[in-house]
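Accompanying notes for the structure given below.
Bear in mind that the values in this text are calculations on the coordinates, not laboratory data. Here the structure is a predicted model, which is why all the values come from computation and not from measurement. Don't worry about glycine lacking a Cβ; one is built from the backbone with ideal geometry, like all the others, and counts go over all protein chains shown.
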Amino acid sequence: MLIKKTPGIPYSEITPEPLYRDRREFIRLAAAAAVGTAAAIRGETIEAQGSLPVIPNVRKSPLSTTEPQSTYKDFTTYNNYYEFGTGKDEPAVQAKSLKPRPWKLTIEGHVAKPGTFDVDEFIKSYTLEERIYRHRCVETWSAVVPWIGIPLADVIKRVEPTSMAKFVEFVTLYDPKQMPGVRSPILEWPYIEGLRLDEAKNPLAILAVGLYGQILPNQNGAPIRLVAPWKYGFKGGKSLVKIRFVDAQPRNTWQIQAPREYGFYANVNPTVDHPRWSQARERRLGEFLPRKTLMFNGYTDQVASLYTGLDLRKNF
Ligand SMILES: Nc1nc2c(c(=O)[nH]1)N[C@H]1C(S)=C(S)[C@@H](COP(=O)(O)O)O[C@H]1N2
Ligand SMILES: [Mo]
């Protein structure tokens, strides 16, 4: 039955070759989806369960977890994206009004090679990797998500930051015409996030452009968003329009909104409670029993050295 599912807009209509996978390959993938459970056990992407265009030529990354993956349905219907409503079920419905293509992404600030790029040209110019990551939402939910993305370090290397660049600011789309939620002043728009330059260069940080084998659904941040898996989900700015290399620590949206509750770093830390809830446990989408939350979301080996000497209770 799966092979009867017609893809939405063929990717060929929104982007030229070679980002388009041919029909035979699509059918092969759909057939592979039928053995999705076995694939999940082997640590492969379970299935392209959506109806969005498939992204070809994706390299598997050794940085992936082999834990069972969350379902596509769960992860695309339980979202935070306030530009499309504050309810977790709202973005899946309301973000239909977002037009993620054509899309311009600007890289600017303290870099030798700034520029504005068509997002699909930008995506095609990098080697894409599938990264199956634990993903931690700040409201105590977690998921395991097969992202497709560009290692952020590759982008940083190409634009050549100057010695003035100390932080990276991620600016997302603000467009009242496409985004019903921005008419209310619930947050300061546009939504902004930031990383220290060395955090941004960490091999785990990616600019995600897809999930479960396909391009990103609007509600998960189409066409391109930040993913830093050792941090709470709110660090992952969605639908990025600008990446700015700056000399001072950027003001990030949630910190502006509630500085007592959200800091700049947002590292997953079971020992520092959120003022309104414990951070010691989390619930994974699709599971009933809570799990113990792991320091740095289980990525301690890869990221702890970024924070030596930093008081993680003060710098939450
Ligand atoms: N532009 C924008 N990006 C955003 C948000 C938002 O409201 N607007 N919410 C953040 C929060 S609070 C979370 S938890 C994650 C959720 O990402 P997901 O829905 O893909 O899990 O997106 C983050 N990125
Ligand atoms: Mo969040």
>> Taking 8 Å as the Cα distance limit and 6 or more residues as the minimum spacing, I'd like the relative contact order of region 14-307 as a percentage.
In response: 19 percent
> Of Phe288, Ser239, Asn202, whose Cα points farthest to the positive end of the dipole of region 14-307 (charges on the beta-carbon: +1 Lys, Arg; -1 Asp, Glu; origin at the Cα centre)?
Replying inline: Phe288
>> If each residue of separation counts as 0.36 nm, what is the full-extension length gain between Lys104 and Lys157 once their alpha-carbon separation is subtracted?
In response: 17.1 nm
>> Greater than 19 Å separation of Cα atoms is the criterion. Which listed pairs, Lys231/Lys292; Lys96/Lys238; Lys177/Lys235; Lys124/Lys235; Lys60/Lys124; Lys96/Lys231, meet it?
In response: Lys177/Lys235; Lys124/Lys235; Lys96/Lys231
> How far is it, in nm, from the label point at Ala112 to the one at Asp301 when both lie 7 Å from their Cα along the line to the Cβ?
Replying inline: 3.5 nm
> Could you name the aspartates and glutamates in cross-link range of Lys99, using Cα to Cα under 19 Å and dropping any fewer than eight places away on the same chain?
Replying inline: Glu13, Glu83, Glu90, Asp118, Asp120, Glu121, Asp175
> Once all Cα-Cα distances of region 14-307 are split into 5 Å bins that start at 0, what whole-number percent is in each one?
Replying inline: 1, 5, 12, 17, 19, 19, 14, 8, 3, 1, 0
>> 7 Å from Cα along Cα→Cβ at both Gln257 and Leu312: what's the point-to-point distance in nm?
In response: 2.4 nm
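Fully extended, how many nm does the chain gain between Lys124 and Thr77 (0.36 nm per residue separation, minus their Cα-Cα distance)?
14.1 nm
Once the piece of chain linking Lys60 and Glu287 is laid out straight, how much longer is it, given 0.36 nm per residue of separation minus the C-alpha distance between them?
79.1 nm
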> Using a simple spin-label model with points 7 Å from Cα along the Cα→Cβ vector, what separation in nm is obtained for Ser184 and Lys166?
Replying inline: 3.8 nm
